[in-house]
Amino acid sequence: MENGSSSGDNKSSPKPIRCKAAVCRKAGEPLVMEEIMVAPPQAYEVRIRIICTALCHSDVTFWKLQVPPACFPRILGHEAIGIVESVGENVKEVVEGDTVLPTFMSDCGECVDCKSHKSNLCSKFPFKVSPWMPRYENSSRFTDLNGQTLFHFLNVSSFSEYTVLDVANVVKIDSSIPPSRACLLSCGISTGVGAAWETAKVKQGSTVVIFGLGSIGLAVAEGARLCGASRIIGVDINPAKFQVGKKFGVTEFVNSLTCENRRVSEVINEMTGGGADYCFECVGSSSLVEEAYAFCRKGWGKTITLGVDKPGSQICLNSSDVLHQGKILMGSLFGGLKAKTHIPLLLKRYLNNELELDKFVTHEIKFEDKGTSHWGHTNVTNQYSFINDNKRLSLKHLSPTQGPRRTTCWTESSLFLRSFKASSRGNKHEYYHLSKSLGWTKRRSKPLNDGRPLPASHQSEASII
Ligand SMILES: [Zn+2]
Ligand SMILES: [Zn+2]
């Protein structure tokens, strides 16, 4: 790539950057690896070099979606970690070289909601799936080499070596955290853990039910485990998920397909002696929200909805039930987390070996354009992975076995390959981190939580230097 701003004496006026991106040109078609131009950051904006990006299910949804708010050509991706390359005017919060997590939820720090501890719903830049930069309507920082505008996605667009974000959408973090783990807190894992921790405020010793054990549901389990829940009941139609769920603290499992003629709510009511303290709907089905509401405990039960249903879907509740049962129904966007406040706290808990992020990562690939670079670990279900084949980056649905979770994609492969090593010695794995001087240094040794060896692909990195 070419970086016109690389000369140190030209920091005040960053130039356009030519770099690689995986562009979604048409709904459902493989992403095309191509060179694009990334404009300099405007006032209150930050241009970052993406180090590592993960694949979240919302990327898949908007990759397949054919109707608005879908639009093409677009650069998807919203779960990532990067290094600040340059900043626009009036940016005080971060400087060149800082390690940052992008977040799709804005945290402007100025509006009434951002100033309040009660909400994470910024009213200056309210959540929407816009193709533009949040602060400047009809304004993109991406063009292809023919000058055609490329649309943004969820304020992030991380399937690119460089991207531009509003300063309201970056969180400065400790650079010592392994990038492929930290990036998970950019969206999915924060959403699930935050729903238990911040939205529901799960109490020690309580009973939690989770509808849907995908990566968000498992992150809810992880959050509930951290909060000290004593029973975590997973509800899913795939029995293989229970084995996976156990690693995340799920203690019991209900297969909703084998409840015979009974509703799941009846089964849960019986199991819990009158309903669970907290119910999380992580599937994205309004009828399941109704079911979850039915099996939470009268008087104090909370139902938290995280899943995204079709636009216009309605939830139908009996008004007498609402009046007589005193239950709480809550929505949770990004787990109710205030990005700039809560993400550093979660990362601290990861460094303290409390929050377990390693177990969420099942695949790691390189963001490069030659040959087929997908590698397989087979313990994955209901998850899409990047398949990189001759400059076309497909999002492939992997064969169902066990465990959902995350594929992380390393960008800047040449830098990564030169400088990253991960070696396996028994259960110890050495992590290296990118220092502010852009050199990788050894950081620490840490056992993987479940004692599994690193994926073979990960180990092999050391030999490709
Ligand atoms: Zn996401
Ligand atoms: Zn705000």
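For region 99-113, filtered to residues that are closer than 14 Å to Leu165 by Cβ and in a loop (DSSP other than H, G, I, E, B), the residue that is nearest to ligand 1 (Cβ to nearest atom) is Phe104.
Taking region 154-179 as the range and being outside any loop (DSSP other than H, G, I, E, B) and more than 16 Å from ligand 2 (Cβ to nearest atom) as the test, the residues that pass are Ser160, Tyr162, Thr163, Val164, Lys172, Pro179.
Take the residues in region 258-313 that are among the charged types (D, E, K, R) and over 29 Å from the mean Cα position of the chain (by Cα), then tell me which one is surrounded by the most Cβ atoms within 10 Å (Cβ to Cβ). Looking at residues that are among the charged types (D, E, K, R) and over 29 Å from the mean Cα position of the chain (by Cα), I get Arg297. Inspection of region 28-48 identifies no residue that is more than 22 Å from Thr341 (Cβ to Cβ), aromatic (Phe, Trp, Tyr), touching a residue at least 40 places away in the same chain (Cβ under 8 Å) and in contact with a strand residue (DSSP E or B) (Cβ under 8 Å, 6 or more places away or on another chain).
With the structure loaded, tell me whether Gly82 is assigned to a loop (DSSP other than H, G, I, E, B) and either under 23 Å from the mean Cα position of the chain (by Cα) or touching a residue at least 12 places away in the same chain (Cβ under 8 Å) (or both) or whether it fails that test. I'd like the intermediate steps shown before the answer.
Values: assigned to a loop (DSSP other than H, G, I, E, B): no; either under 23 Å from the mean Cα position of the chain (by Cα) or touching a residue at least 12 places away in the same chain (Cβ under 8 Å) (or both): yes.
For Gly82, the condition - assigned to a loop (DSSP other than H, G, I, E, B) and either under 23 Å from the mean Cα position of the chain (by Cα) or touching a residue at least 12 places away in the same chain (Cβ under 8 Å) (or both) - is not met.
Only one of the listed residues (Ser86, Ser123, Ser130) is among the hydroxyl-bearing types (Ser, Thr, Tyr), assigned by TED's automatic domain parsing to the domain that holds Val23 and within 16 Å of ligand 1 (Cβ to nearest atom). That residue is Ser130.
For region 196-209, the condition holds for no residue, the condition being that it is of a type in the set (Phe, Trp, Tyr), within 16 Å of ligand 1 (Cβ to nearest atom) and at pLDDT 95 or above.
Have a look at Thr149, Thr53 and point out the one that is closer than 25 Å to Val32 by Cα and more than 16 Å from ligand 1 (Cβ to nearest atom). Full working, then the answer.
On the way: Thr53 fails: more than 16 Å from ligand 1 (Cβ to nearest atom).
From the options Thr149, Thr53, the qualifying one is Thr149.
Screening Thr303 on (1) assigned to a helix (DSSP H, G or I); (2) at pLDDT 95 or above shows it passes everything except condition (1).
Determine, yes or no, whether Val94 is surrounded by 24 or more Cβ atoms within 10 Å (Cβ to Cβ), modelled with pLDDT of 95 or more, away from ligand 1 (no atom under 15 Å from the Cβ) and over 23 Å from Lys26 (Cβ atoms).
Taking the combined requirement at face value, the residue does not satisfy it.
For region 265-288, residues that are assigned to a helix (DSSP H, G or I) and of a type in the set (D, E, K, R) total 2.
Taking residues in region 117-133 that are over 15 Å from Leu337 (Cα atoms), and partners anywhere that are among the basic types (Lys, Arg) and within 13 Å of ligand 2 (Cβ to nearest atom), the pairs with Cβ atoms closer than 8 Å and at least 6 places apart or on different chains are Phe125/Arg135. Of the set (1) within 15 Å of ligand 1 (Cβ to nearest atom); (2) farther than 20 Å from Cys19 by Cα, all apply to Ser116 but (1).
So, in region 217-243, of the ones that are in contact with a Pro (Cβ under 9 Å, 6 or more places away or on another chain) and crowded, with 24+ Cβ neighbours inside 10 Å, which residue ends up farthest from Trp197 (Cα to Cα)? Walk me through how you get there before you give the answer.
Of the residues in region 217-243, the ones in contact with a Pro (Cβ under 9 Å, 6 or more places away or on another chain) are 217-218, 238, 240-241.
Still in the running and crowded, with 24+ Cβ neighbours inside 10 Å: 217-218, 241.
Values: Gly217: 13, Leu218: 13, Lys241: 22 Å.
The qualifying residue farthest from Trp197 (Cα to Cα) is Lys241.
Taking the stated definitions as given, is Val193 within 16 Å of ligand 2 (Cβ to nearest atom), within 17 Å of the chain's Cα centre (by Cα) and not aromatic (Phe, Trp, Tyr)? The answer is no for Val193. Among the residues of this structure, Lys172 counts as one that is among the basic types (Lys, Arg) and either under 24 Å from Cys56 (Cα atoms) or touching a residue at least 12 places away in the same chain (Cβ under 8 Å) (or both). The one condition from (1) within 16 Å of ligand 2 (Cβ to nearest atom); (2) crowded, with 18+ Cβ neighbours inside 10 Å; (3) farther than 27 Å from Phe360 by Cβ that Glu85 does not meet is (1). Across region 13-50, the number of residues qualifying as within 16 Å of ligand 1 (Cβ to nearest atom) and either closer than 15 Å to Val164 by Cα or surrounded by fewer than 21 Cβ atoms within 10 Å (Cβ to Cβ) (or both) comes to 1.
Of all the listed residues (Gly188, Gly228, Gly192), the sole one being at pLDDT 95 or above and touching a helix residue (DSSP H, G or I) at 6+ places or on another chain (Cβ under 6 Å) is Gly192.
The values are calculated or read from the model by the stated rules, or taken from the named source; none is laboratory data. Just so we're clear, the structure is a prediction, and the values are computed from it rather than from any experiment. Here Cβ is always computed from backbone atoms with ideal geometry, including for glycine, and neighbour counts include all displayed protein chains.
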